[in-house]
1. Within the group 364, 338, 352, which residue is in contact with a strand residue (DSSP E or B) (Cβ under 6 Å, 6 or more places away or on another chain) and modelled with pLDDT under 95?
2. Within the stretch 223-232, how many residues are surrounded by 21 or more Cβ atoms within 10 Å (Cβ to Cβ) and within 9 Å of the ligand (Cβ to nearest atom)?
3. Would you check if there is a residue in the stretch 297-305 being modelled with pLDDT of 95 or more and under 26 Å from residue 437 (Cβ atoms)?
4. Against the definition (under 19 Å from the mean Cα position of the chain (by Cα), away from the ligand (no atom under 16 Å from the Cβ), surrounded by fewer than 22 Cβ atoms within 10 Å (Cβ to Cβ) and closer than 29 Å to residue 437 by Cα), how does residue 189 come out, yes or no?
5. Which of the residues spanning the stretch 30-50 are loosely packed, with under 12 Cβ neighbours inside 10 Å and either free of Cβ contacts under 8 Å to residues at least 24 places away in the same chain or in a helix (DSSP H, G or I) (or both)?
6. Which strands (runs of 3 or more DSSP E) does the stretch 76-182 wholly contain that include 2 or more residues that are more than 16 Å from the ligand (Cβ to nearest atom)?
7. Output the number of residues of the stretch 374-420 satisfying the condition of being farther than 30 Å from residue 350 by Cα and touching a residue at least 60 places away in the same chain (Cβ under 8 Å).
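The values are calculated or read from the model by the stated rules, or taken from the named source; none is laboratory data. This is a predicted model, so every value here is computed, not measured. Neighbour counts run over all protein chains shown; Cβ positions are idealised from the backbone, glycine included.
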Ligand code: BG6
């Protein structure tokens, strides 16, 4: 293998220890990352190589699953780590970085560098320019940028302009770790490797679709960051809308980075724009408040006591195209909910005629397909079947597939998958510039409206509950109902706190 140097800006930060280093080590563990490589941490904190190695060594023990904790292998991996103290904001310090990289690269090094930007977003605009100033934007290099890519449409456009001036699009990897999740990718396999669902996957048979990504934790130590961002920028504009796109997209004729991402952009471009008059009807934003055992958002560290940042968003989207016209997509995310779960629920239409008599509570329900992305990864189909015995009494039952049935193959880590793809020069699962822009084009006006109308409703919900009642109201208005994971799936009760 040609020498590869992975440079992590923000190497002393939280993401590096929690996600990036465990992901890189897991690639090493599975022999996807081998031989001639170095990982260079580049941050302001002052570390020697040895101090950085021992810091990462400790953290790996905290964050790696037990089955990967191979002491000898961790030691070998740690031997590939190096550290360069620098302020990534200061152009003059890039000469030193260049020298350090060239030294690590050795003779014959062809510039095979992967830059990972795990810094505060304010640095996303300057780092590529500084890299360019010392010629580190080599033809063989690529750059991964963490989300959020931009703060709104304008800033995303100007970031794209900067990046496109320094790198070619195929070298730019805008990461959205939801696309690295095995179960998100499986959505494509489920839809396009099976013939039976496609004929039903449209407005003729589907009543409505839910996309939920909720968490049972608050914002932890991220107050300073989160209060400027909020749930819409943190989760909806990227992760949730990606899941909507995977659910709604057309099958590309051939599968590759361009054709796949073309279809994603087509979904974003088909989102029916929301105008102000729709906002109250289509969007519910909330903020968690103190409950008997949990802090409220405004009591969290670094949060002003009059903050109006949303920690919950529920929305009704419409995709204005031939396949989906008239099918609402209800999406929802929230912090401090009763459980952590990400799932997509497809509600099929009721049978056109009810021929079986039924007793209250045991009437056939419309079929429902639940794609559980995490945890308890699997797929559950709700069906009505006959109860054995006299008459024709119907019971609603489920048929379910659990990922564990695949024989205990461990669910790959999203970051490991995506970093591996980037090392292999495969941008398929990364967000292209036009997708970022299309997404901001849709969500930007909502953010602008909230900014211009701080008095617009922000509903409180006690920490540990399913969000503001208004979000239930939004669904009921359209005769729909949220499928709360704890309420409906008995086998998920074990991870539900209620
Ligand atoms: C991140 C958000 O992108 O995704 C976090 O910034 C959120 O606020 C996280 O907690 C959720 O990711 P996952 O993979 O744990 O569901």
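1. Only one candidate passes the filter, namely 364.
2. Matching residues across the stretch 223-232 total 2.
3. So far as the stretch 297-305 goes, no, none of its residues is modelled with pLDDT of 95 or more and under 26 Å from residue 437 (Cβ atoms).
4. Yes: the conditions hold for residue 189.
5. 31, 50
6. By residue number, 81-85, 113-117, 142-145.
7. Selection size over the stretch 374-420: 11.
Results for (1) within 18 Å of residue 188 (Cβ to Cβ); (2) assigned to a strand (DSSP E or B), shown as yes or no for each residue.
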| position | (1), (2) |
| --- | --- |
| 229 | no, no |
| 245 | yes, no |
| 250 | yes, no |
| 274 | no, no |
| 280 | no, no |
| 287 | no, yes |
| 304 | no, no |
